[in-house]
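S.K.: First the structure, then my questions, so here it is.
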Amino acid sequence: NAGVTQTPKFQVLKTGQSMTLQCAQDMNHEYMSWYRQDPGMGLRLIHYSVGAGITDQGEVPNGYNVSRSTTEDFPLRLLSAAPSQTSVYFCASSRGAKNIQYFGAGTRLSVL
Amino acid sequence: DQQVKQNSPSLSVQEGRISILNCDYTNSMFDYFLWYKKYPAEGPTFLISISSIKDKNEDGRFTVFLNKSAKHLSLHIVPSQPGDSAVYFCAASTGNTGKLIFGQGTTLQVKP
């Protein structure tokens, strides 16, 4: 059972480039979320989804887009990367709102 | 405004002693609280949770206490083991959105 899989594990971008961080889960979970972790800031919610076709903004959504076309996948898109988006990104999923969220191993992104 | 705060960035305890990690929150609508543990280069893993209708939940060496009037929760680890050395995050959620709001994290070091 793979759980939550994030790709790539590492990525270096130049300012202005675009990319998509992939997240897939094989647990048939309804809820999926994206967080970023920065030193001294903990994990901050970027976007989340309560089911296929439904997404909403979290605490720090600016500069990021998401879509949820299937239950399994929840990609995070950076349309024009900025140095302020240098961070470690985590994807998580859970069966329900009050269920445990399971996290992927993270994507470490550097924007130069 | 930080709705969930962990005011101690780090904590060092001796093996076998008790570790107490603290967390404060400001939003009285939070009704579900969780603690996550994170090792370097890994995603957070769930440790223990508590609903707002309870004031204590215990799981082996881990106990979470909730004081709603003080908007404060704490995680007790007894006895502490070197393998407990990690970053600990508290998180809170409200309603059925599945959104988690995290604190900044506390780095626990358990010395042999």
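S.K.: Sequence neighbours fewer than 8 away in the same chain don't count; with that in mind, list the lysines whose C-alpha is under 27 Å from A:Lys9.
M.R.: Once the sequence-local lysines are set aside, what remains near A:Lys9 is B:Lys37, B:Lys38, B:Lys99.
S.K.: P(r) for the range A:1-102, please, calculated from all Cα pair distances in 5 Å bins and given in %.
M.R.: 2, 13, 25, 26, 19, 10, 4, 1
S.K.: Computed on protein heavy atoms with a 1.4 Å probe, what is the summed buried accessible area for the chain pair B and A, in Å² to the nearest 100?
M.R.: 1800 Å²
S.K.: For every other residue with a beta carbon closer than 15 angstrom to the beta carbon of A:Asp73, add +1 if it is Lys or Arg and -1 if Asp or Glu, then tell me the sum.
M.R.: After counting each charged neighbour, the total is -1.
S.K.: Connecting C-alpha atoms closer than 10 Å in a GNM of chain B, tell me which of B:Phe46, B:Phe30, B:Phe65 has the biggest fluctuation.
M.R.: B:Phe46
S.K.: Taking only protein heavy atoms and a 1.4 Å probe, what accessible area per residue, in Å², does the protein assembly as shown have with all protein chains in place?
M.R.: I get 47 Å² per residue for this part.
S.K.: Further question on the same structure: Quick check on packing: order B:1-12, B:92-103 by the mean number of other C-beta atoms within 10 Å, highest mean leading.
M.R.: Output ranking for B:1-12, B:92-103: B:92-103, B:1-12.
S.K.: Still on this model: Given charges of +1 on the Cβ of Lys and Arg and -1 on the Cβ of Asp and Glu, with all other atoms neutral, how large is the dipole of the range B:32-109 about its Cα centre, in debye to the nearest 20?
M.R.: 240 debye
S.K.: Once you charge only the Cβ atoms, +1 for Lys and Arg and -1 for Asp and Glu, what is the size of the charge dipole of chain A about its Cα centre, to the nearest 20 debye?
M.R.: Using Cβ point charges on Lys, Arg, Asp and Glu, chain A gives about 240 debye.
S.K.: For chain B, what is the convex hull (Cα atoms) projected area averaged across all directions, in square nanometres?
M.R.: Taking the Cα atoms of chain B, their convex hull projects to 6.9 nm² on average.
S.K.: So how long is each side of the protein assembly as shown along the principal axes, counting just the alpha-carbon atoms, biggest first, in Å?
M.R.: 49, 38, 35
S.K.: Moving to a separate point now. Which percent of Cα pairs goes in each bin when the distances of the range A:29-72 are cut into 5 angstrom slices starting at zero?
M.R.: 6, 24, 28, 21, 13, 6, 2
S.K.: In the range B:1-61, how does Rg compare with the Kirkwood Rh, expressed as the Rg/Rh ratio over alpha carbon atoms?
M.R.: When Rh is taken as the Kirkwood radius, the ratio is 0.97.
The values are calculated or read from the model by the stated rules, or taken from the named source; none is laboratory data. The shown structure was predicted, so the numbers you read here are calculated from the model rather than taken from an experiment. Positions of Cβ are generated from backbone atoms using ideal geometry, with glycine treated the same way; all protein chains shown enter the neighbour counts. Surface areas here come from the heavy atoms of the whole protein model, side chains and all, with no ligands, DNA or RNA. Shrake-Rupley method; radii C 1.70, N 1.55, O 1.52, S 1.80 Å.
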